[in-house]
1. Met237 accessible area, nearest 10 Å², 1.4 Å probe?
2. Round to the nearest 10 and report in Å² the accessible area of Tyr325, as given by a 1.4 Å probe over the protein chains' heavy atoms.
3. By what distance, in whole Å, do the Cα atoms of the range 193-328 stretch along each of the three principal axes, largest value first?
4. Glu287 to Asp204: extension gain in nm, 0.36 nm per residue of separation minus the Cα-Cα distance?
5. May I ask you to rank Trp107, Trp81, Trp210 by accessible area, largest first, using a 1.4 Å probe over the protein chains only?
6. Determine, for each peptide in 197-206, 259-268, 149-158, the mean count of other beta carbons within 10 angstrom over its residues, then list the peptides with the highest first.
7. Using Cα springs under 10 Å in a Gaussian network model of the chain, which residue among Pro192, Pro110, Pro59 shows the largest mean-square fluctuation?
8. Of all accessible surface on the range 1-43 at a 1.4 Å probe, what whole percent is carbon and sulfur?
Amino acid sequence: MKLASLREGRDGELVVVSRDLGTCVPASDVACTLQQALDNWRDAAPQLKRTYDRLNEGPIDGLMPFDARACTSPLPRAYQWADGSAYVTHVELVRKARGAEMPQSFWTDPLMYQGGSDSFIGPADAILAADEAFGIDFEGEIAVITDDVPMGVPVDAAESHIKLVMLANDVSLRNLIPAELAKGFGFFQAKPASAFSPVAATPDELPGAWRGAKLHLPLTVMLNGERFGAPNAGVDMTFSFAQLIAHAAKTRTLGAGTIIGSGTVSNGDRSAGSCCIAERRMLEQIESGAAKTPFLRFGDQVRIEMFDTEGRSIFGAIDQHVVQYDGP
């Protein structure tokens, strides 16, 4: 099934969305918000699925057109947002461009940081930044939402805790990262609010594409109307979502509604393009000695979307413009 949150209060109004993303119906008879549904997923999911099946069969009470621009991120705020870096070839490239060796442990132990989750931006909301000199970048990713995950969950049991899949734009301010990492305490200012696709889907909505806790379809990124990249999210993903969840839960439980990100989707075969500007700049630096592609400028448009094998949008699009922030 497919779920979304319309703009209503801080936590949105949960709606069930048709498979073709054309219509939706409120889910208030089951749960007012997606977080409420996740808190009681065992009971809520079958009821939401019945509504979803009826919606796809024909008109039902409460039917209305689905408008992605009226959506927040599926979880407008979450108890936890942990972003991995599952595409190790991407990490290797970034380090190579600055002449740094990559520790062998990166192939066996995932990188992960905990991002801000108190206020995500919607899929059509502006990317706000005070200064272009911050090095504004998009990062096209896959993300999953879990139910309650016990501490120490083994990898072979972790996939069962994945309840929903969606897309992410993990916005990064590249020129702020070096100084923050030099302090030895991780990201903070360099990672502003992230955005997620209008729709989150259960894994069974991805027949043939969801295998081994990975999503085997291209992730298409457009910059100002031109294709920037479409690498396959299932190729070269060193760590599956099951492995990322087990890593995150090694020393803590994960509460229902935890979001786990894949990190920037990237393929070792660079012909498919990139899902972030930083990767393209690194390739340019390696090939010609200088990065040429600029980071985002005010007015730029970023669109991130995934299509099924018949060309239909699965999650709707993250479609954002970069806008200068002029203060509160």
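The values are calculated or read from the model by the stated rules, or taken from the named source; none is laboratory data. Quick caveat, the model's predicted, so the values are computed rather than measured. Here the Cβ positions follow ideal geometry from the backbone for every residue, glycine too, while neighbour counts run over all protein chains shown. Remember, those area values only see protein heavy atoms, side chains included, never the ligands or the DNA or RNA. Shrake-Rupley method; radii C 1.70, N 1.55, O 1.52, S 1.80 Å.
1. Counting only protein heavy atoms, Met237 exposes about 10 Å² to solvent.
2. The value for Tyr325 is about 100 Å².
3. 43, 41, 37
4. 25.7 nm
5. On the way: Trp107 85, Trp81 5, Trp210 40 Å².
Output order, biggest surface exposure first: Trp107, Trp210, Trp81.
6. Numbers: 197-206: 21.9, 259-268: 27.0, 149-158: 15.2.
The peptides rank, most packed first, as 259-268, 197-206, 149-158.
7. Pro59
8. Details: 820 of 1990 Å².
Its accessible area is 41 percent carbon and sulfur atoms.
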